[in-house]
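Just so you know, all these numbers are worked out from the coordinates, no wet-lab data involved. For clarity, every value in this text was computed on a predicted model and none was experimentally measured. Quick reminder, even Gly has a Cβ in these numbers, built from the backbone with ideal geometry, and neighbours come from all protein chains shown.
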Amino acid sequence: MPSADSLRAAIRDVVDFPKPGIVFKDITPILADGALFHDAITLLCEAAGGRKIDKVVGIDARGFIFAAAVADRLGAGFVPVRKKGKLPWKTRQVAYSLEYGESVVELHDDAVSPGETVLLVDDLLATGGTAGAALELLDGLGANVVGVAFLIELAFLGGREKLGDHRIESILIFD
Ligand code: AMP
């Protein structure tokens with residue numbers, strides 16, 4: 001199994017992006033390196049715990065990059081949770097609060113069938129608002145969410161507590 005240390009070393013901290021006070025975790029150096037990207041996908045796939053996954057669900061937009069590769073590796077389908085107004089078919093939506101204001105995520109009504117096994121994937125867990133809203137959408141469709149996987153968890157923001165009793169796996173935890 002690959003080590004997470006080289007992934008951690010490749011993450012670039014960008015201070016005051018996109019606004020003052022935020023330290024943005026830039027994952028593009030991992031994406032740009034074939035071996036590191038491969039290792040990241042291998043480690044994210046571990047969150048499936050060997051179970052058969054029907055759908056890997058990725059969150060707009062960096063989550064798509066990882067989730068699509070995980071889906072391919074696991075032989076599963078890929079489903080996007082998107083920001084409001086991007087999905088063309090019948091959707092359901094959940095609003096959640098951001099540090100300032102509110103955001104809305106959407107899922108196609110027929111994206112997951114009741115009882116299908118789902119692995120939810122995103123690049124980063126911060127406050128948990130985004131992943132929590134995605135889980136609410138999936139619960140609404142009767143999905144069987146067997147795991148939630150993040151490349152990065154900012155543990156000091158306590159997002160994990162917002163995700164109920166789901167099985168959460170983060171590859172890199174920042175305290
Ligand atoms: P949250 O809803 O607070 O858990 O925020 C998670 C989403 O915001 C993820 O989809 C991340 O892509 C993005 N995000 C939040 N904070 C950061 C950060 N410090 N660096 C990079 N992305 C972030």
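Which residues, taken from the stretch 52-101, are surrounded by 13 or more Cβ atoms within 10 Å (Cβ to Cβ), in contact with a His (Cβ under 7 Å, 6 or more places away or on another chain) and of a type in the set (A, V, I, L, M, F, W, C)? Selection gives L87 alone. Annotation: S103 fulfils all but one of (1) hydroxyl-bearing (S, T, Y); (2) touching an Asp or Glu at 6+ places or on another chain (Cβ under 7 Å); (3) within 21 Å of V23 (Cα to Cα); the unmet one is (2). Can you confirm whether L120 is within 12 Å of the ligand (Cβ to nearest atom) and buried (at least 22 other Cβ atoms within 10 Å of the Cβ)? So L120 passes the test. Restricting the search to strands (runs of 3 or more DSSP E) fully inside the stretch 60-138 and requiring at least 3 residues that are closer than 15 Å to A47 by Cα and not charged (D, E, K, R) gives 117-125.
Please verify whether the stretch 35-51 includes one or more residues that are within 15 Å of T130 (Cβ to Cβ) and hydrophobic (A, V, I, L, M, F, W, C).
We begin by selecting, within the stretch 35-51, every residue within 15 Å of T130 (Cβ to Cβ); these are none.
No, the stretch 35-51 contains no residue that is within 15 Å of T130 (Cβ to Cβ) and hydrophobic (A, V, I, L, M, F, W, C).
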